[in-house]
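The values are calculated or read from the model by the stated rules, or taken from the named source; none is laboratory data. This one's a predicted model, so the numbers in the text were calculated from it and none came from an experiment. Counting neighbours? That spans all protein chains shown, and the Cβs are built from the backbone with ideal geometry, glycine included.
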Amino acid sequence: MPDGLILVKTAGEKTLVAFLQDGMLMEYHQQDDSSESLVGAIFLGRVERVLPQVKAAFVKLGLKQNGFLPIREQEGYHQLMGDSPLITGTDVLVQVKKDPKGDKGAFLTRDVALPGQYVLLMPNNRHIGVSKRIEDESDRAAAKALGKKLADGRFGLIVRHAALFARESDIRDEAEALYEGWKSLADSAPFRKAPELLHTPDSPLSALVRDYSARYNLTVLADGDIPGAERIPPEEMDLLWRRSKVEHQLKQALGRKVDTPGGGNLMIDQREALHTIDVNSASNVETRDGMSLPLSQNLSAVSEIARQIRLRNLSGIVLVDFIDMDTEAERQAVLAAMEDAVRDDRVKTVIHGFTRLGILEMTRKRTSDTLLEMMSAPCKHCGGCGHFPL
């Protein structure tokens, strides 16, 4: 099991959280009252308007913009909850799947999912599933059997990879605690006045510890009173922060150009609809044993591509323009390496393969703002395009 280090540093009214592995910055978060993500939050909302033509409803949440709720959910939800229509003026329990962004309201669902360290509990369906991180077929079969046993027809459940290393009693206790918490929330909802926030999601630090404690030998150091963290003096934290080169790695992750091993580089561009990563050989002329130069260069870039996607928190569609390769076997080697490189990402990432133009397509679930959005604001002069008008 690899070592992981979480540094929690106080900076004025903000709390800075850095996750490092082997000295490399893998994730970074800033916590303050104005930037907290709502993903995972549960609201008692009120249906403001139903638009059958777009198959969605707008739900009042008490936020600046109304949330966007699709009329149709996953089939498992409707099999259990039925197809009763959304009606203007009625109250509805919804969970935030995507934060509000710009002039877009939060993206909502009625198919609630409550995450734990070992399981993901879904009270409004009865699906039993297994994390894709569990690859061994015997492990998958055992995990699914455990999920059915624990749920016992009362709720849906996804058994997470961490459950492989835990006692059944601990997994059961977590599932029952999540279920009891949900029942308490759902039972109280009819007596609350919409719109109202009923459940807040875990903080970024709590989510990091929850998701990584089974994958890494985690050390959590903080310069303040943080539950579960070892407290160290602020001056020691400052020194550790500098030695870990957190600021340097953040600066690199906010720029377009990133160097890769052997002398190549990546050019990363973030856009509204999608993000692109261009792999360049630059001065890289080294090859691995028996490999063509393009294959060697592409494989050298894969781990840094995965790290930058994770660190920058890129989401939605991501396109990677690798150096042109001559054979399908080489493309498959790069595809396999990319799938392996994103496996440690706790955010769902799907590699879709190469397009007819040789571009690698992938998608990554949106959880919160990108690093660039978190740490900067659009330029008032260029409108964020990076070019001044002549």
Of the conditions (1) more than 25 Å from ASN66 (Cβ to Cβ); (2) of a type outside the set (Ser, Thr, Tyr); (3) in contact with a helix residue (DSSP H, G or I) (Cβ under 9 Å, 6 or more places away or on another chain), ARG140 clears all except one; give me its number.
(3)
Test of understanding: among ILE323, ILE351, which residue is in a loop (DSSP other than H, G, I, E, B) and either crowded, with 18+ Cβ neighbours inside 10 Å or of a type in the set (A, V, I, L, M) (or both)?
ILE323
Go through region 190-282 and tell me which helices (runs of 4 or more DSSP H), entirely inside it, have 3 or more residues that are within 20 Å of ASP369 (Cα to Cα).
204-212, 246-253
Residue by residue through region 210-246, note down the ones that are crowded, with 17+ Cβ neighbours inside 10 Å, in contact with a Gly (Cβ under 8 Å, 6 or more places away or on another chain) and either within 20 Å of ALA11 (Cβ to Cβ) or not assigned by TED's automatic domain parsing to the domain that holds VAL8 (or both).
VAL220, SER244
Report, ordered by the first and then the second residue, all pairs with beta carbons closer than 8 Å, sequence separation of six or more or different chains, a first member in region 225-242 that is free of Cβ contacts under 8 Å to residues at least 12 places away in the same chain, and a second member that is part of a loop (DSSP other than H, G, I, E, B).
ARG231/ASP223; ARG231/GLY224; ARG231/ASP225; ILE232/ASP223; PRO233/ASP223
The lone exception for HIS127 - which of (1) surrounded by 13 or more Cβ atoms within 10 Å (Cβ to Cβ); (2) more than 26 Å from THR349 (Cα to Cα) it fails:
(2)
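For residues that are polar (S, T, N, Q), assigned to a loop (DSSP other than H, G, I, E, B) and in contact (Cβ under 8 Å) with a residue 40 or more places away in the chain, tally how many sit in region 53-80.
First, pick out the residues of region 53-80 that are polar (S, T, N, Q): 53, 65-66, 74, 79.
This time we only want the ones that are assigned to a loop (DSSP other than H, G, I, E, B), so: 65-66, 74.
Still in the list and also in contact (Cβ under 8 Å) with a residue 40 or more places away in the chain: 65, 74.
Total meeting the criteria: 2.
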Looking at region 112-133, which of its residues are more than 18 Å from the chain's Cα centre (by Cα) and assigned to a loop (DSSP other than H, G, I, E, B)?
PRO123, ASN124, ASN125, ARG126, HIS127
